[in-house]
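S.K.: Let me begin by handing over the structure; questions about it come next.
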């Protein structure tokens, strides 16, 4: 579908956004963002004023990534997106605006994103968690920590990724929030917490890492965390895991596992 959109003119892409199916709208939006230009900026602004919420949402998405990676319309786009985030009645539009503000990473949006962290819509909170993780600003930490306790699994997952991996800050509050996520039933959320703690060299990660390495293999989170810790006590568990899953998982996981084994190898092993 994305290849098909490359063949269309700007006007044809606009028509897809107006009348196409949702997947087609998304593909058209992606194509327009790569093309950039003042005309497409003006059209995105027009879309943001549409009476159709699906078109407003696509307009917001275009503004967030138009002219990537330079994003030359950041200054003009930010207040439009803030207005949508603050005032639009449709949760999909507010969510798209929040995500777009994250892509633009204009710090003037932070106070408005902090407010949207308590939006009644889980879609808005999810996109807000994404957006806040884009800012290297200590003021977003508290909101992300709160979002990491959200009732919605996807919100908790992205917020945990935000405080654990996206942000470079290392505070007591961040570490405690990550420790709290180690008891999650969702392996991805647990995995993001493992990585965040390992990144900060918190020794409390060792015992839960051993549990992950000794149990069912869910993905590379435990491997990345092990490599970050580079702790020889993890070495035998990594070797055992390799014996168990070799031939059962994709080669890329074995390559990541080998990197973790190497990182945890002590000189006398």
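S.K.: Which number comes out as Rg/Rh for the range 62-117 once both Rg and the Kirkwood Rh are worked out on C-alpha atoms? Please report the intermediate quantities before stating the final value.
M.R.: Details: Rg = 10.3 Å, Rh = 11.0 Å.
Result for the range 62-117 is an Rg/Rh of 0.94.
S.K.: In addition: What is the Cα coordinate range of the range 1-107 on the first, second and third principal axes, sorted by size from largest, in whole angstrom?
M.R.: Cα spread of the range 1-107 along its principal axes, largest to smallest: 36, 29, 19 Å.
S.K.: If you don't mind, another one. What is the angle, in °, between the Cα long axis of helix 235-245 and the longest principal axis of the Cα atoms in the chain? Nearest 10 is fine, range 0 to 90.
M.R.: 70
S.K.: Still on this structure, please answer the following. Viscosity 0.890 mPa s, temperature 25 °C: give me the Stokes-Einstein translational D for the range 1-49 in µm²/s, with Rh taken as the Kirkwood radius over C-alpha pairs. If you can, show how the numbers build up before the last one.
M.R.: Details: Rh = 10.6 Å.
It diffuses with D of about 231 µm²/s by this estimate.
S.K.: Okay, next question. What do you get for the angle between helix 38-48 and the principal long axis of the chain? Use alpha-carbon atoms, 0 to 90 degrees, nearest ten.
M.R.: The angle comes out at about 90 degrees.
S.K.: At q = 0.14 Å⁻¹, work out log10 I(q)/I(0) for the range 43-188 with the Debye formula, treating every Cα as an identical point scatterer and leaving solvent out; two decimals please.
M.R.: Results for the range 43-188 at q = 0.14 Å⁻¹ read -0.61.
S.K.: Additional query: Calculate the tail of P(r) for the range 149-211: the fraction of all Cα-Cα distances greater than 20 Å, expressed in %.
M.R.: Values: 287 of 1953 pairs.
Cα-Cα pairs of the range 149-211 separated by over 20 Å account for 15 percent.
S.K.: How much mean residue ellipticity at 222 nm does the chain get from its helices, if each DSSP H run of length 4 or more adds -39500 (n - 2.57) and you divide by all residues, to the nearest 500 deg cm²/dmol?
M.R.: Values: 17 runs with 180 residues, N = 269.
So the calculated ellipticity at 222 nm is -20000 deg cm²/dmol.
S.K.: Moving to a separate point now. Enter the angle in degrees (range 0 to 90, nearest 10) between the Cα long axis of helix 187-199 and the first principal axis of the Cα atoms of the chain, meaning the one along which they spread out most.
M.R.: Roughly 70 degrees, rounded to the nearest 10.
S.K.: Give me P(r) over the range 170-269, computed from all C-alpha to C-alpha distances, binned every 10 Å, as integer percentages.
M.R.: Cα pair-distance distribution for the range 170-269, in percent: 17, 51, 27, 5, 0.
S.K.: Using Cα pairs closer than 8 Å and at least 6 residues apart in sequence, work out the relative contact order for the range 170-269, in percent. Walk me through the numbers before you get to the answer.
M.R.: On the way: 108 pairs, mean separation 24.6, N = 100.
Computed over the range 170-269, the figure is 25 percent.
S.K.: With the Cα gyration tensor of the range 214-269 in hand, convert its eigenvalues to equivalent ellipsoid semi-axes via √(5λ) and list them largest first in whole Å.
M.R.: Values: eigenvalues 62, 25, 20 Å².
Rounded to whole Å, the semi-axes are 18, 11, 10.
S.K.: Right, something else. Over all Cα pairs of the chain, how is the pair count split among 10 Å bins, expressed in % and running from 0 up to the last occupied bin?
M.R.: Pair shares across the bins are 7, 26, 25, 22, 15, 4, 0.
None of the figures in this text is laboratory data; all of them are computed from the coordinates on show. Please read these numbers as outputs of a predicted model, since none were measured by experiment.
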